Amino acid sequence: MHSIYHILATVWQARVSFFLPIWVGVTVSAAFVTLLLVCRATASAPPDRRINSAEFKAGNKAWSIRNWLPVVLFLFFLACYIALIIKWEDFAYYGNNQLTCVALRGSNYSPLIWVGAGRFTPLAFLEFNFIRHLGTSVGTYYALPILQLLIVCAILLSFDADLKFTARLFLTACLLIATGIVVSFGSLIYPERNEVFWLVCLIFAVKRFDQTHSAGMAIAAIVSAQFMLYYKETAFLILWGFVAGRSLLCCRNADRSGWDFSRLWEKPSRLDFCLASLGLIFLLYYGAVMFRHTNLEYLQAARWPELEVLLSYIKTDLLAFLLTITALARAFRIYQRRIAPSPFWEGLAYGGVTYFIAFCWLRIYSVYYLAPTDVIAVLYLGRLVFLSWRDLQSGTKAALACGICLVLTQNALLSTTFEYYKKNLIHAKSEIATVVQEQFQGRASNAKRLFFPFAGRYEMMEFGAYLGYRGLPIERAEDKPGLAETVLLVTPALTKDEPLEVYRSIMGRAGGDPRSGDLVVVLPEDDASLAQTRSFLEGGSTIFLYSPSPHLPAWLTSLGRKLYVPSPSIGEPKILPDHWLRASVTVWEGAQ
């Protein structure tokens with residue numbers, strides 16, 4: 001007993017530092033237990049939960065020669081999509097200090113567990129511990145997101161045998177333009193990308209298990225769920241909603257005569273039990289890590305007013321609301337015995353709705369948070385529309401067509417706006433860094449001090465980290481004082497010299513006005529008007545000017561500035577300044 005107590009005490013003390021061994025141990029144990037439970041279960045299954053193998057193969061024929069045009073168009077669209085991910089890409093976007101200050105400096109990531117802040121996403125960024133050994137180029141780092149994107153597309157195109165292949169092509173394309181998906185797969189640092197990837201793998205494995213009762217698919221489902229859970233704290237809600245809905249509805253008799261709870265002992269339900277247990281283990285692990293640290297500083301700082309959160313999600317993600325309304329309406333009709341449930345699809349919808357409601361209840365918002373819900377919404381709603389289209393009345397068809405057009409227009413407009421702003425932000429910062437680098441390498445004295453009249457602390461830290469990645473010796477807190485070759489970042493936003501952010505050592509210098517010879521840098525995301533920036537352009541010799549490309553008409557630019565684009569410098573949604581996306585570098589000589 002003493003030795004067991006000692007082992008448990010050691011594990012408790014090392015519950016953070018020994019995360020990876022604990023996670024691997026839980027995964028292997030869960031896979032082993034699943035094999036035992038699934039293999040010992042009876043082979044029978046209700047008709048709606050198991051499909052004859054021959055029927056599945058016949059229904060899942062990929063496409064005939066008549067489908068060549070949609071396939072060619074989709075492949076062209078996918079190629080353009082991937083090209084857009086790479087175009088003008090660099091490590092200069094928000095959050096990329098996670099790369100420029102760690103992986104690109106030759107360091108490994110530890111599991112991301114911030115006890116004081118309440119963050120528990122331990123698998124985030126760990127893939128970069130491997131990728132950093134392959135190279136430091138942007139293309140090398142984006143190889144994994146592109147591969148994940150291709151796998152997701154392949155799964156979705158082979159997933160639902162009840163739909164024609166052209167329908168699956170259409171739904172996959174619709175998913176790819178969803179704003180949350182565009183943001184998640186078009187950036188490197190958002191954990192939603194990995195969450196979406198493993199969610200798609202999970203639902204594919206569970207669906208195939210329902211069809212074949214394969215032990216391999218059961219293990220694949222366990223592994224996929226175990227990965228998904230540890231990329232986002234709220235992922236267990238999707239899993240619980242999914243398996244709870246499946247397990248409950250599988251007991252509903254097909255003739256609507258009542259319930260048969262003996263089906264909870266069949267193979268699909270036993271797999272559901274194993275998946276639910278993984279969610280419980282995650283929750284207990286999270287509670288153990290955050291023991292006596294219940295203030296959750298990150299959550300408290302990120303909360304918005306309830307109405308503002310709801311309106312923001314309406315403006316950026318109608319899919320989540322349509323999924324919620326449809327799933328609840330169908331649940332009511334199932335309760336009234338007016339329709340027969342499909343355990344897999346209804347359970348999947350409940351998981352997506354639970355996930356969405358959780359973010360509204362927590363009062364936290366970002367345009368990419370609901371990417372997993374978007375995946376479920378496209379699959380669930382798209383399936384309902386295609387399968388019921390022929391039986392609908394003309395008025396209902398017209399209403400549905402209008403709703404589809406509205407959702408597609410919202411996603412296309414927001415995704416295009418986001419990509420336009422993101423790519424111009426990155427391109428402008430890359431060009432500024434090149435100008436500063438040339439000045440520094442030319443031994444110009446003005447390259448030693450960079451004055452940022454409008455940038456916030458976070459933006460300066462991000463840009464300083466990017467300059468360090470480009471090879472410039474940016475001043476850091478650990479540097480010895482008096483280094484002649486150090487580049488100083490100066491801003492009126494500081495009252496004293498100190499690190500710009502507590503979790504990064506990049507130093508900021510306090511300075512109310514630029515000195516003669518300083519490089520005055522106006523960043524593209526600075527929250528300033530053209531009138532405010534003009535005085536700094538007129539106070540010296542401007543050596544670089546940037547305007548967004550391609551040039552947009554005035555009316556379209558005005559519309560884009562009214563749309564919410566995630567930006568730490570802007571904060572809560574508001575009309576963006578008329579200077580937005582313009583940048584400059586000026587050698588300061590003093591006001592004329």
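The values are calculated or read from the model by the stated rules, or taken from the named source; none is laboratory data. Just so it is clear, the model here is predicted, and its values are computed rather than measured. All Cβ positions, glycine included, derive from the backbone under ideal geometry; neighbour counts span all protein chains shown.
Below are the figures for this structure:
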read-out	value
Single match in Ala161, Ala124, Ala215 (criterion: in contact with a Pro (Cβ under 6 Å, 6 or more places away or on another chain) and over 22 Å from Ala320 (Cβ atoms))	Ala124
Residue count for region 380-405, restricted to those that are closer than 22 Å to Pro343 by Cβ and either surrounded by 13 or more Cβ atoms within 10 Å (Cβ to Cβ) or of a type in the set (Val, Ile, Thr) (or both)	8
Some residue of region 90-101 being assigned to a helix (DSSP H, G or I), out of contact with any Asp or Glu (no Cβ under 8 Å at 6 or more places or on another chain) and at pLDDT below 85	no
Extreme residue, surrounded by the fewest Cβ atoms within 10 Å (Cβ to Cβ), among residues of region 135-162 that are without any contact (Cβ under 8 Å) to a residue 12 or more places away in the chain and polar (S, T, N, Q)	Ser137
Within region 353-379, tally of residues that are buried (at least 19 other Cβ atoms within 10 Å of the Cβ) and either closer than 16 Å to Asn411 by Cβ or of a type in the set (A, V, I, L, M, F, W, C) (or both)	16
Helices (runs of 4 or more DSSP H) (entirely within region 179-237) containing at least 2 residues that are surrounded by fewer than 24 Cβ atoms within 10 Å (Cβ to Cβ)	192-212, 215-229
Selected residue [of a type outside the set (A, V, I, L, M), assigned by TED's automatic domain parsing to the domain that holds Trp198 and crowded, with 19+ Cβ neighbours inside 10 Å] from Tyr285, Tyr350	Tyr285
Test: Gly471 is outside the structural domain of Ala103 (by TED's automatic domain parsing), out of contact with any Leu (no Cβ under 8 Å at 6 or more places or on another chain) and surrounded by 18 or more Cβ atoms within 10 Å (Cβ to Cβ)	no
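Listed here are the residues, each with its yes/no results for (1) at pLDDT 95 or above; (2) over 20 Å from Tyr350 (Cβ atoms); (3) in contact with an Asp or Glu (Cβ under 7 Å, 6 or more places away or on another chain); (4) not basic (Lys, Arg).
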{"position": "Phe227", "(1), (2), (3), (4)": "yes, yes, no, yes"}
{"position": "Glu233", "(1), (2), (3), (4)": "no, no, no, yes"}
{"position": "Gly241", "(1), (2), (3), (4)": "yes, no, no, yes"}
{"position": "Leu249", "(1), (2), (3), (4)": "no, no, yes, yes"}
{"position": "Asp255", "(1), (2), (3), (4)": "no, yes, no, yes"}
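Conditions tested, residue by residue: (1) modelled with pLDDT under 90; (2) surrounded by 14 or more Cβ atoms within 10 Å (Cβ to Cβ); (3) β-branched (Val, Ile, Thr); (4) within 24 Å of Ser541 (Cβ to Cβ).
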{"site": "Asn424", "(1), (2), (3), (4)": "no, yes, no, no"}
{"site": "Ala428", "(1), (2), (3), (4)": "no, yes, no, yes"}
{"site": "Ala433", "(1), (2), (3), (4)": "no, yes, no, yes"}
{"site": "Gln437", "(1), (2), (3), (4)": "no, yes, no, yes"}
{"site": "Asn446", "(1), (2), (3), (4)": "yes, yes, no, yes"}
{"site": "Leu467", "(1), (2), (3), (4)": "no, yes, no, yes"}
{"site": "Leu489", "(1), (2), (3), (4)": "no, yes, no, yes"}
{"site": "Pro499", "(1), (2), (3), (4)": "no, yes, no, no"}
{"site": "Arg509", "(1), (2), (3), (4)": "no, yes, no, yes"}
